[in-house]
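See below for the structure under consideration.
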Amino acid sequence: MRLVVLQILSFTFIFLLLFSFARVVMGLEFLGLELMSKNPKDALLLFCLGIVSDLRLISAAFLPLLAVMILTLFQPCPFISVRGRGF
């Protein structure tokens, strides 16, 4: 279970780094350094809102994996038979 949590956190960190790097490159290419230096508050807000959006996407992608990990912690239900009959 710890390995799954570690994998989720490491992939989240890697994806956030990649998305942030892409956002910096696109911001410098499309907006230009002059516009970003004239409005530093707006440029920072652009990056912060982008990171929040990326976190939403990543959490939606890893939520099923996290839910399965939590469900495996519970003991098997005594009413469900693994032999195929179901009762």
For the range 10-46, which positions are aromatic (Phe, Trp, Tyr) and more than 16 Å from the chain's Cα centre (by Cα)? 30
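Yes or no, residue by residue, for (1) modelled with pLDDT of 75 or more; (2) open to solvent by less than 80 Å² (accessible area, probe 1.4 Å); (3) more than 27 Å from residue 5 (Cβ to Cβ):
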residue: 20; (1), (2), (3): yes, yes, no
residue: 24; (1), (2), (3): yes, yes, yes
residue: 44; (1), (2), (3): yes, no, yes
residue: 53; (1), (2), (3): yes, yes, no
residue: 59; (1), (2), (3): yes, yes, no
Which one of these does residue 7 not meet: (1) under 24 Å from the mean Cα position of the chain (by Cα); (2) at pLDDT 85 or above? (2)
Let me spell it out: the conditions are (1) in contact with a helix residue (DSSP H, G or I) (Cβ under 7 Å, 6 or more places away or on another chain); (2) modelled with pLDDT of 85 or more, and residue 49 meets all of them except one. Which number is the exception? (1)
Inside the range 32-42, can you point out the residues that are within 17 Å of residue 20 (Cα to Cα) and either in contact with a Pro (Cβ under 6 Å, 6 or more places away or on another chain) or open to solvent by less than 80 Å² (accessible area, probe 1.4 Å) (or both)? 32, 36
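The values are calculated or read from the model by the stated rules, or taken from the named source; none is laboratory data. No experiment lies behind these values; they were computed from the predicted model shown. Ideal geometry is used to build each Cβ from the backbone, glycine not excepted, and the neighbour counts take in all protein chains shown. Note: areas computed on protein heavy atoms with side chains; ligands, DNA, RNA excluded. Shrake-Rupley method; radii C 1.70, N 1.55, O 1.52, S 1.80 Å.
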